[in-house]
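To keep things clear, I will list the structure first and then write my remarks on it.
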2 protein chains.
Amino acid sequence: MVSKNLMAASTKPIILTILAREEMYGYQIIHNVTQISGGTLEWSEGMLYPVLHRMEKEKLIQSQWRMVENGRRRKYYGLTENGRKELEQEKHQWMKVHKVLSKLWALTPS
Amino acid sequence: MVSKNLMAASTKPIILTILAREEMYGYQIIHNVTQISGGTLEWSEGMLYPVLHRMEKEKLIQSQWRMVENGRRRKYYGLTENGRKELEQEKHQWMKVHKVLSKLWALTPS
DNA sequence: GTATAATACCTATAAAATCTAGGTATAAGA
DNA sequence: TCTTATACCTAGATTTTATAGGTATTATAC
């Protein structure tokens, strides 16, 4: 299990990265994340849907309803141009912070 | 500048790491972080002090007032045993999430 | 054929965290 | 003497998040 803050910090970059590769619907994203992370990250629906809605309002992603053969409806999300730019920034920021932490952790403890 | 979420996620591990090496007072921590991060992270007092108080309440750190030669008082913080354990967990969690992101970012974009 | 699990979406509201914008006091330097 | 730097603090408005639900359809197990 991952702490609340770390969860909050990683959610957006993960969603952006996943959707940059392939359009997906919410439920699928959840299972995808569980699988990719090997269980490190277990997202709930109640946590993901509001995030997707917010990101859509911020125009980072856009949705589209699609009907699947079996009659079930799914809301597919894809990245907007803004979303792509945001992803680059998020990556960059994450790496910057990671470098600070790596540096700190590399120092021999006194 | 680093996003709010990333800031929130990195604050605790950074404080724990810094205090694991050396006891410090709040004001000093702020300047230390600015310096170590090369300006990537710019903490404000209004953001740090409440965090320090919360962490002390959680018994991760403990404080001690000291008088310095020049007559100024400083509140020095050091890690507790719990704090040391927490640091190990924080490191571990960060690395886990970092691995997930690295993995995602290493894949060639479709 | 019926009950349960899985799929797939949604949100109101309570609870928690954060940020702003202040405040105090002393010492050093201009 | 005035300003800047040092060094701490917090009330309260705002924002976020988590909980715990809700709906509806399809697939599977009994």
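Net charge around A:Val33, counting only other residues with Cβ within less than 15 Å of its Cβ (Lys, Arg = +1; Asp, Glu = -1)?
+2
Counting Lys and Arg as +1 and Asp and Glu as -1, each charge on the Cβ, what is the dipole of chain B about the Cα centre in debye, to the nearest 20?
It comes to approximately 180 debye.
Name the nearest-to-axis residue of chain A, judged by Cβ distance to the rotation axis taking chain A onto chain B, and quote that distance in whole Å.
A:Ala9, 2
Name the lysines eligible as straight-distance cross-link partners of B:Lys96: C-alpha to C-alpha under 28 Å, and not fewer than 8 places from it in the same chain.
Result set, ordered by chain and number: A:Lys4, A:Lys12, A:Lys85, A:Lys91, A:Lys96, A:Lys99, A:Lys103, B:Lys4, B:Lys12, B:Lys57, B:Lys59, B:Lys85.
Which distances in nm, rounded to one decimal and ordered from shortest, link the label point of B:Gly78 to the equivalent label points in the other identical copies, with labels set 7 Å from Cα toward Cβ?
6.0
Could you order A:Met47, A:Met55 by accessible surface area, starting with the largest, using a probe radius of 1.4 Å?
Listed by decreasing accessible area, they come as A:Met47, A:Met55.
Which cross-chain or sequence-distant (5 or more) residues have an amide H under 5 Å from the amide H of B:Thr80, H modelled 1.01 Å from N in plane?
B:Ile61, B:Gln62
Wrap a convex hull around the Cα atoms of segment A:4-106, take a quarter of its surface area, and give that in square nanometres.
Seen from a random direction, the Cα hull of segment A:4-106 projects 7.5 nm² on average.
Whose amide H sits under 5 Å from the amide H of B:Met24, counting only residues 5 or more places off or on another chain, with H placed in the peptide plane?
For B:Met24, whose amide H was placed from the backbone, the distant partners under 5 Å are B:Tyr77.
Report, for B:Glu58, each distance to the same residue's label point in the other copies, shortest first and in nm; define the point 7 Å along Cα→Cβ.
2.3
Considering only A:Arg84, A:Arg66, A:Arg74, give the residue with the highest GNM mean-square fluctuation for chain A, with springs between Cα atoms whenever their separation is below 10 Å.
Most flexible of the set in this elastic network: A:Arg66.
Give the relative contact order (percent, whole number) for chain A; include only Cα pairs under 8 Å separated by 6+ residues.
Across chain A, relative contact order equals 27 percent.
How far is A:Met47 from the same spot in each other copy, in nm, shortest first, if each label point sits 7 Å from Cα toward Cβ?
Distances to the matching label points in the other copies: 2.3 nm.
Step through the residues of segment A:27-42 one at a time and calculate ³J(HN,Hα) from phi using the Karplus curve (6.51 cos²θ - 1.76 cosθ + 1.60, θ = phi - 60°), rounding each to whole Hz and writing x for Gly and Pro.
For segment A:27-42, the Karplus curve yields 4, 5, 4, 4, 5, 4, 5, 4, 5, 4, 7, x, x, 4, 10, 10 Hz.
Suppose we look only past 22 Å in the calculated P(r) of the protein assembly as shown. What percent of the Cα-Cα pairs does that tail hold?
Tail of the P(r) past 22 Å holds 56 percent of the pairs.
So what's the back-of-envelope 222 nm ellipticity for chain B, counting only DSSP H runs of four-plus at -39500 (n - 2.57) apiece and dividing by all residues, rounded to 500?
Per the formula, -20500 deg cm²/dmol.
Can you work out the PRE-style zone for A:Tyr76? Point 7 Å along Cα to Cβ, and I want the residues of segment A:6-44 with backbone N under 11 Å.
Output list for this probe position: A:22-25.
The values are calculated or read from the model by the stated rules, or taken from the named source; none is laboratory data. Everything quoted here is computed from the prediction, not taken from an experiment. Counting neighbours? That spans all protein chains shown, and the Cβs are built from the backbone with ideal geometry, glycine included. Just the protein is used for accessible areas: all its heavy atoms, side chains included, with ligands, DNA and RNA removed. Shrake-Rupley method; radii C 1.70, N 1.55, O 1.52, S 1.80 Å.
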